[in-house]
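A quick write-up on the structure given underneath.
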Amino acid sequence: MPSDPRQIKDTDGKDKPMWRTRWMARVAERCEAPHPPVLIVFNHIGARDPNRTVPRIQELTRPLWAGEPADGYSSYDRKIPIIATGLSNLREHGPNGPAFLRFGRTHMQPLRDAIGNPRRDAVLARRAERARAQQKEYQEQLRRAAEQKRAEREAARPACASCGTKFENDRWQTTRLSPTPSNRWHPTLCEPCEAKTVAAADQAERDRLEEEAAVTAEKARGWRSRFRPGQAP
């Protein structure tokens, strides 16, 4: 089957409509796949009246340019913007003035507005603004939730039973994993106070052992004095 003569291979090697290789526009720009616009310029010479010709051309070409109702605007996806003007309008307003009528609209516009879709752009801009506001509110909710969680965590953070200092994260985690106290482990104390407590306990133990040793030595001396040579038992 012969290929469509309106198709041509683009630089990527794929068949595309010929006009796509000649007219630069982003596909699916702002939710639509734009087609190249057509500008018709009338010069009122002779008996043919553009005021009657334009409505006739509009009716005959309606399937090509008619938009579809969307959310607050008309979508011209895969439609051809057809714009009409007259030389008298161009002379009066200039190429940048409201001298152009897009088929399907009832008022004259500057060329860029006539080719474009200002109502669609305004709707999409409002949507984008709402989306940004919602995202900002969502991020604020996340921030407040994180702040509340941090506050709750800080409120639950234990303090040293001796000096009242709040536990560091590592100390807190260690005491949660090992909550049972022992001779050298005091989960209710911070590390400095625990070190002092352990050192005091070690010193007390050394003092006890020294005292016991002294008592034992004193008893030994007493027993030896009772059994000195030459003394009766």
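The values are calculated or read from the model by the stated rules, or taken from the named source; none is laboratory data. Note that the structure is a prediction, hence the values are computed from the model and not measured. FYI the Cβ positions are ideal-geometry reconstructions off the backbone, even for glycines, and counts take in every protein chain you see. Please note that ligands, DNA and RNA were not included when accessible areas were found on the heavy atoms of the full protein model with its side chains. Shrake-Rupley method; radii C 1.70, N 1.55, O 1.52, S 1.80 Å.
Points worth noting:
- Some residue of segment 133-152 being over 30 Å from Leu39 (Cα atoms), part of a helix (DSSP H, G or I), touching a strand residue (DSSP E or B) at 6+ places or on another chain (Cβ under 9 Å) and of a type outside the set (Lys, Arg): no
- Qualifying position, being surrounded by 11 or more Cβ atoms within 10 Å (Cβ to Cβ), charged (D, E, K, R) and either in contact (Cβ under 8 Å) with a residue 60 or more places away in the chain or outside any helix (DSSP H, G or I) (or both), among Arg126, Arg120: Arg120
- Filter result (free of Cβ contacts under 8 Å to residues at least 24 places away in the same chain and either open to solvent by less than 30 Å² (accessible area, probe 1.4 Å) or assigned to a loop (DSSP other than H, G, I, E, B) (or both)) within segment 68-96: Gly94, Pro95, Asn96
- Qualifying residue in segment 42-57 (condition: under 41 Å from the mean Cα position of the chain (by Cα) and either within 18 Å of Pro118 (Cβ to Cβ) or touching a residue at least 40 places away in the same chain (Cβ under 8 Å) (or both)): no
- Under the condition of being open to solvent by 50 Å² or more (accessible area, probe 1.4 Å) and part of a helix (DSSP H, G or I), the residues counted in segment 178-196 number 4.
- Here Arg52 meets the list (1) at pLDDT 90 or above; (2) over 30 Å from Val123 (Cα atoms) almost entirely, failing just condition (1).
- Checking every residue in segment 156-177 against the condition of being assigned to a helix (DSSP H, G or I), touching a helix residue (DSSP H, G or I) at 6+ places or on another chain (Cβ under 8 Å) and surrounded by 10 or more Cβ atoms within 10 Å (Cβ to Cβ) gives at least one match.
- Take the conditions (1) surrounded by 14 or more Cβ atoms within 10 Å (Cβ to Cβ); (2) of a type in the set (Lys, Arg); (3) under 17 Å from Pro34 (Cβ atoms); Arg112 misses just one of them, which is (1).
- The condition of being in a helix (DSSP H, G or I), at pLDDT 85 or above, open to solvent by less than 100 Å² (accessible area, probe 1.4 Å) and of a type in the set (A, V, I, L, M) holds for only one of Ala220, Ala204, that being Ala204.
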